[in-house]
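This report concerns only the one structure given below.
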2 protein chains.
Amino acid sequence: MMSKVIVLRLGHRIKRDARITTHCGLVARAFGANEMVFSGEEDKGVIASLEKVAERWGGDFRVTYMHSWRKFIESFEGVKVHLTMYGLPVQRVIDEIRDLGRKKSILIVIGGEKVPGIIYKLVDYNVAITSQPHSEVAALAVFLHEYFRGKELELNFPGAKLKVVPQKCGKKVVKTEEVP
Amino acid sequence: MMSKVIVLRLGHRIKRDARITTHCGLVARAFGANEMVFSGEEDKGVIASLEKVAERWGGDFRVTYMHSWRKFIESFEGVKVHLTMYGLPVQRVIDEIRDLGRKKSILIVIGGEKVPGIIYKLVDYNVAITSQPHSEVAALAVFLHEYFRGKELELNFPGAKLKVVPQKCGKKVVKTEEVP
């Protein structure tokens, strides 16, 4: 049993980042994180759309807005990981982080284009998912995929109203009866 | 040695998808695909920003716009894979696809929210990266990561003008001299 995994998304801007931050939240949930917190601009649209997905598709994923990211990181009790192309290759540090995760909660910090320099110092690990520029959405997914060793692909989401039945061709979704 | 990997991004809309499609392209390049083709609305901004990254960070990744996605898929010679939450779990089919990739090129089709139903029939594999709703950016990254068995994390990009030197803390980028 692993401890809690929380994602902190920095520097959200309503106009520019709504979809990217939503994708980050969807990935966090689908790949087994327990919670996403975002800072930057408060955005009720992002929260609403992520809550709607969680309500339909199950699980107890939570998303909240947090004005003060610095306090949040500093007071977080657990292992703090920042995903950045400038950090150490994930393949070199993931075993160590996973081991720590057996006893401690993990905070995964992901930024947008401009991450304050202090972040690098506030965390325990700066981790690179390739040293190439790409996407915080992808970095988060691959990190969680490595962290959970692919077991997140088999996750079950309790309380789901909708469930996909995997098909070779086409779509099959079943509705689960709600328990009152 | 694996054959070519080409990503086809469907249904691009300039206003709504510019950043997501750019992230798809960046992920395609960073995780070892050779090329991205996109359909939907033609968008020179997306092409320019991806070409700029490839010029700076190396490799020979190409991105092009293609009006007729259907013809492109039908005439593609190789294995056609569509990433969709409704498909078969990646962990069940990836070994088979990887084996085929030793001899044949791979086309990875990714859509946005509304994928034409015919796509499911035009491809050889409908593949799910979890059966949960999340992100085409993440799906592409995890698919490529599984396809290349994590070896893409060690990729070298020839001709790079900039190179990251991984650091425990902070950023280190070296400039490579251009060869005339």
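The values are calculated or read from the model by the stated rules, or taken from the named source; none is laboratory data. Note that the structure is a prediction, hence the values are computed from the model and not measured. Positions of Cβ are generated from backbone atoms using ideal geometry, with glycine treated the same way; all protein chains shown enter the neighbour counts. With ligands, DNA and RNA removed, areas are computed over all heavy atoms of the protein, side chains included. Shrake-Rupley method; radii C 1.70, N 1.55, O 1.52, S 1.80 Å.
Entry for region A:6-156 at q = 0.09, 0.15 Å⁻¹: log10 I(q)/I(0) = -0.25, -0.72, Debye formula applied to identical alpha-carbon scatterers, no solvent contribution.
What dipole magnitude, in Debye to the nearest 20, does chain B give about its Cα centre under +1 on Lys/Arg Cβ and -1 on Asp/Glu Cβ?
Working: 29 positive and 21 negative charges, 77 e Å.
So the magnitude is around 380 debye.
Report in % the part of the accessible area of the protein assembly as shown that belongs to carbon and sulfur, leaving out ligands and nucleic acids; probe 1.4 Å. It is 51 percent, rounded to a whole number.
Solvent exposure of chain A, expressed per residue, is 48 Å² of accessible area, with all protein chains present and a 1.4 angstrom probe. Dividing the summed -39500 (n - 2.57) terms of all DSSP H runs of n ≥ 4 by the residue count of chain B sets its mean residue ellipticity at 222 nm at -11000 deg cm²/dmol.
Sorting A:Arg19, A:Arg56 by accessible area puts them as A:Arg56, A:Arg19; the probe is 1.4 Å, largest comes first, and only protein heavy atoms count.
For region A:12-32, the residues whose backbone nitrogen is under 17 Å from a point 7 Å from the Cα of A:Tyr65, taken along Cα to Cβ, are A:12-23, A:25.
Between region A:65-109 and region B:94-165, the alpha-carbon centres lie 27 Å apart. Pairs over the 24 Å Cα-Cα cut-off, from the set A:Lys71/A:Lys104; B:Lys15/B:Lys44; B:Lys44/B:Lys121: B:Lys44/B:Lys121. Using Cβ point charges alone (K and R +1, D and E -1), the dipole size of region A:32-136 about the Cα centre works out to roughly 200 debye. Considering only chain B, what is the antiparallel percent among its DSSP beta bridges, to the nearest 5? In chain B, approximately 10 percent of DSSP beta bridges are antiparallel ones. Legend: calculated FRET efficiency, A:Lys121 to A:Arg16, from the Cβ-Cβ distance at R0 = 25 Å, rounded to 0.05, equals 0.40.
Here the protein assembly as shown carries DSSP beta bridges of which approximately 10% are antiparallel, counting only pairs with both residues inside.
Computed with a 1.4 Å probe over protein heavy atoms only, the accessible area of A:Thr64 comes to about 40 Å². Per residue, the convex hull spanned by the Cα atoms of region B:73-180 amounts to 169 cubic angstrom.
Placing +1 on each Lys and Arg Cβ and -1 on each Asp and Glu Cβ, with no other charges, gives region B:109-163 a dipole about its Cα centre of roughly 180 debye.
Position A:Lys4: other-copy label points at 5.0 nm, ordered by increasing distance, label point 7 Å along Cα→C-beta. Taking the Cα atoms of region B:106-152, the ratio Rg/Rh between the radius of gyration and the Kirkwood radius comes to 0.96. Per the Kirkwood formula applied to alpha carbons, the protein assembly as shown shows a radius of gyration over Rh ratio, Rg over Rh, of 0.95. GNM remark for chain A: springs join alpha carbons under 10 Å apart, and the peak mean-square fluctuation among A:Phe31, A:Phe72, A:Phe61 falls on A:Phe72. Only protein heavy atoms count here, probed at 1.4 Å, and on that basis chains B and A bury about 4500 Å² of accessible area in total.
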